[in-house]
Amino acid sequence: MIDISKMMGKLKEVQDKMKEVQENLKNITASAESGGGMVKATANGQKQIIKLEIDDALVSKDDKEMLSDLVVAAVNKSLAEVEEKSKAEMQKQTNGMMPNIPGFDFSNLG
């Protein structure tokens, strides 16, 4: 016979570990270049752009920092919106497949 309390304890343990892992993803970074190195973007493991470098030859020096900030903000906003839409679609597609247990968030398992 299945011990529900042990199973719930294990489920809570897995959920806590997943939260810890997701929080640590911000410490993982990757960078990529385009235009022969004229534009360089750095993202973290949480799929957020954290740095954008634009070569001086592409834009006036006065506009460079503002342009970089605007691009980072726009990209991160689009990523956040697509994440929300993806979660909604995942919930729609898996409706009734996952148990609805108060206090447990299964949305990150997909």
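The values are calculated or read from the model by the stated rules, or taken from the named source; none is laboratory data. The shown structure was predicted, so the numbers you read here are calculated from the model rather than taken from an experiment. Using ideal geometry, Cβ is built from the backbone for each residue, glycine included, and neighbour counts are taken over all protein chains shown. Just so you know, the surface numbers come from the protein's heavy atoms only, side chains and all, with ligands and any DNA or RNA stripped out. Shrake-Rupley method; radii C 1.70, N 1.55, O 1.52, S 1.80 Å.
At-a-glance table
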{"quantity": "Residue pairs meeting the criteria (Cβ under 6 Å; at least 6 apart or on separate chains; first small (Gly, Ala, Ser), in segment 19-34; second outside any strand (DSSP E or B) and open to solvent by 100 Å² or more (accessible area, probe 1.4 Å))", "calculated": "none"}
{"quantity": "Criterion (open to solvent by less than 90 Å² (accessible area, probe 1.4 Å) and at pLDDT 85 or above) met by exactly one of SER5, SER86, SER78", "calculated": "SER78"}
{"quantity": "Residue list for segment 89-110, filter: modelled with pLDDT of 75 or more and surrounded by 13 or more Cβ atoms within 10 Å (Cβ to Cβ)", "calculated": "MET90, GLN91"}
{"quantity": "Residue match in segment 20-36 (condition: at pLDDT 90 or above, open to solvent by 90 Å² or more (accessible area, probe 1.4 Å) and within 16 Å of VAL71 (Cβ to Cβ))", "calculated": "yes"}
{"quantity": "Residues of segment 37-49 satisfying the condition of being modelled with pLDDT of 90 or more and either open to solvent by 80 Å² or more (accessible area, probe 1.4 Å) or hydroxyl-bearing (Ser, Thr, Tyr) (or both)", "calculated": "THR42"}
